[in-house]
Number of protein chains: 4
Amino acid sequence: MLPKPIQNLIDQFTKLPSVGPRQAARFAFYLIKQSKLNLDDFAKAIIDASKNLNQCSLCFRIIECQNDKKNKYLCSICKNPQRDKSIICIVEKDTDVEAVENTGRYNGLYHVLGESGLKEFSKPNIENLHLKDLIKRIKNSHEIKEIIIATSATTEGDTLALYIAQLLKKNLPANKQITRLGRGLSTGSELEYMDEETLSQALLGRK
Amino acid sequence: MLPKPIQNLIDQFTKLPSVGPRQAARFAFYLIKQSKLNLDDFAKAIIDASKNLNQCSLCFRIIECQNDKKNKYLCSICKNPQRDKSIICIVEKDTDVEAVENTGRYNGLYHVLGESGLKEFSKPNIENLHLKDLIKRIKNSHEIKEIIIATSATTEGDTLALYIAQLLKKNLPANKQITRLGRGLSTGSELEYMDEETLSQALLGRK
Amino acid sequence: MLPKPIQNLIDQFTKLPSVGPRQAARFAFYLIKQSKLNLDDFAKAIIDASKNLNQCSLCFRIIECQNDKKNKYLCSICKNPQRDKSIICIVEKDTDVEAVENTGRYNGLYHVLGESGLKEFSKPNIENLHLKDLIKRIKNSHEIKEIIIATSATTEGDTLALYIAQLLKKNLPANKQITRLGRGLSTGSELEYMDEETLSQALLGRK
Amino acid sequence: MLPKPIQNLIDQFTKLPSVGPRQAARFAFYLIKQSKLNLDDFAKAIIDASKNLNQCSLCFRIIECQNDKKNKYLCSICKNPQRDKSIICIVEKDTDVEAVENTGRYNGLYHVLGESGLKEFSKPNIENLHLKDLIKRIKNSHEIKEIIIATSATTEGDTLALYIAQLLKKNLPANKQITRLGRGLSTGSELEYMDEETLSQALLGRK
């Protein structure tokens, strides 16, 4: 019974992850009370995102690109001569790159797997990840000495890390070092609420 | 450090009510993985909403209108000859009209106050509500016999209802009946968790 | 591996409704750090409760009784000559009596059904409620004119209320009035979040 | 208005950590519906805990002791000849000992600081912790080679760990090694939600 333009807007918002019809309606009614200018800005932001983004042809990070789509693009990190090219950090998604960059403790390269294959560990899903590209990339580079598998410490992340580690060992010369992020107490962890595995790792990794 | 088109999109989503930067980023990364077609649909839904919506000139419900904006528009309820024109239900916002319509128990008219004045009960806020229009509307109609003040049962809703009731009594002939929604147990209420006021009303309104 | 007296204490706390092992441990470790005096007070409170409580033989409220358990006891409300003996309010449990008393709007009598039968609506459960006593009590009293069925507005409460209403109609003279608590907006209800049934009742019960 | 024995019981439960009056009432009404036998068991568990618990005179763990309170008691870990006496793990409370024991990866000794001083880092609070006993204990033992400060990874835990580390360095010979639990990804951590400090530690501690 709502006017069609509102219902359409609600339907669009409902497609966003973890947005229910109630929240979508709140978003839609909020928007239609904004000025035409604000709404046009919002629409433009969406259209720009659909037009002006591409992936780095080396590490698969999402990058801005305003021109011809047929060229090969490199992201600011892959292009940067100051970055340490002997080490490459494999992450699941772009926001993970942000997280590692924000630590200020890492100056190497990245390789973004892409999220599509991560929810369920099935063969077709795995094949959507940029793993073949990763192996080719490492084989082509004499500089890379260490590969950090920086997946999350979840069941899915651990399964994926194991799979990647085996794949790399099978396909790469033995002198490439394969590492994983250290386990232990995260900020805020209290001993009595920690799982045994993490506490074990924290004990072994004491220093 | 994120590409500008993504950051812009995140910024737009952050403006939506109760969306933080983390959720906005999730929305933005979800969107940029959709097809260009889907993104264009989203943008179009926003632009349509900015162009093709107007308010009913009588009850201030939001309605679709594709044409000349200078005309006076009437919504489907105000235009409907089957609706009972002797009774008018004052609500805070369009979604409240939806809620009352969904009961299937009301066949009268509505008057939407608009939300802008409701959060803080100050004089300028109150003047943004469509209250003068309401009084004029009722004065102009010989048919209206009952006015239901259907504000929420919150402190703000009660304060507003009191204010409106006094305003109507001062400005309208005494033969117009002014009513409020009944108070009592809502579905799911348990006696031991109810506030005293509601339980008092439930006792007085027993039947 | 915990010392047995602590483990015993944890086990006891785990029996309390919605207390998990973690919270039970917190309770136990909190307690053992208290003075011996405080712990003795706690133990005494439990023993007193097991010894000095009984039920009102008329309305089944829980009452204090220090003496001979063979006597028939009456609670302060049943004994009070100021209470209105023409009206009786049927509630599920003692805390519901508290809730109704706290409104200050009810001066009649009560009848506590007991909770044991309420979770699942099965025949043996229903027979644990003080319903036969209720019918006998009303039949024996010429004074009672109205019976308020004050169950909660939950599915269980509504089912039980229906069952009781039918039982009373079958067993009592037609001149006894049977009522239920009024339905409508509870304090804090917002129109757009209300279920249709409650909003319907609020519309019908407007005043 | 509730009978005094119930009110007393509610008051006792309200003293437990994070139990409000509503939950306390639920506990009390649950209890009074139990058999006299069950209630006596509960009371006995409390009294036993007040009588039959003591602290290990070496590590301050809580232990069971049924006899003469003037003797010095040793807990099962301190007495166990199989435990590695070259390493001592400093924890805040008894449940932390449980947590470390449950990993099955630690065979050394413990020292329980006691919780009283941990909430606020003030001088009198710190003096309630068993720190002087700790220094004396380490000084008296030629066997101890490593001291693990296993406080939680919270602000309070970190502050306390720093304080203890300085205290130990000032008071102990330099050949005693002082370590802390390793930091990094806890089970369940996702990269994009991790704080920078933890992710930094996880990068540095990769292996």
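Where helices (runs of 4 or more DSSP H) fall entirely within the range C:73-144, those with at least 3 residues that are modelled with pLDDT of 90 or more are at C:76-79, C:94-103, C:131-140. Taking the criterion of being within 18 Å of C:LEU113 (Cα to Cα), out of contact with any strand residue (DSSP E or B) (no Cβ under 6 Å at 6 or more places or on another chain) and of a type in the set (Lys, Arg), the residues of the range C:129-186 that qualify are C:LYS132, C:LYS136, C:ARG137, C:LYS139, C:LYS169.
Selection within the range C:13-26: residues that are in a helix (DSSP H, G or I) and surrounded by fewer than 21 Cβ atoms within 10 Å (Cβ to Cβ). The member of this set that is nearest to the chain's Cα centre (by Cα) is C:THR14. One residue is enough: does the range D:166-185 have a residue meeting the conditions of a type in the set (A, V, I, L, M, F, W, C) and in contact with a Ser or Thr (Cβ under 7 Å, 6 or more places away or on another chain)? Within the range D:166-185 (the criterion being of a type in the set (A, V, I, L, M, F, W, C) and in contact with a Ser or Thr (Cβ under 7 Å, 6 or more places away or on another chain)), the answer is yes, since at least one residue qualifies. Taking (1) surrounded by fewer than 22 Cβ atoms within 10 Å (Cβ to Cβ); (2) without any contact (Cβ under 8 Å) to a residue 40 or more places away in the chain; (3) within 11 Å of another protein chain (Cβ to nearest Cβ) in turn, C:ASN140 satisfies each apart from (3).
Looking for something among the β-branched types (Val, Ile, Thr) and under 30 Å from C:ILE147 (Cα atoms) - is there at least one such residue anywhere in the range B:159-182? Checking the range B:159-182: at least one residue is among the β-branched types (Val, Ile, Thr) and under 30 Å from C:ILE147 (Cα atoms). Number of residues in the range A:20-46 that are more than 8 Å from chain B (Cβ to nearest Cβ) and either aliphatic (A, V, I, L, M) or in contact with a strand residue (DSSP E or B) (Cβ under 8 Å, 6 or more places away or on another chain) (or both) equals 2. Screening the range D:150-207 for residues that are of a type in the set (A, V, I, L, M), part of a loop (DSSP other than H, G, I, E, B) and facing chain A (nearest Cβ under 7 Å) and picking the one that is surrounded by the most Cβ atoms within 10 Å (Cβ to Cβ) gives D:LEU181.
Please go through the range A:1-18 and pick out each residue that is facing chain B (nearest Cβ under 8 Å) and either of a type in the set (Phe, Trp, Tyr) or within 20 Å of C:MET194 (Cα to Cα) (or both). Result: A:MET1, A:LEU2.
The values are calculated or read from the model by the stated rules, or taken from the named source; none is laboratory data. All values derive from a computational prediction rather than experimental measurement. Note that we place each Cβ from the backbone using ideal geometry, even for glycine, and neighbour counts take in every protein chain shown.
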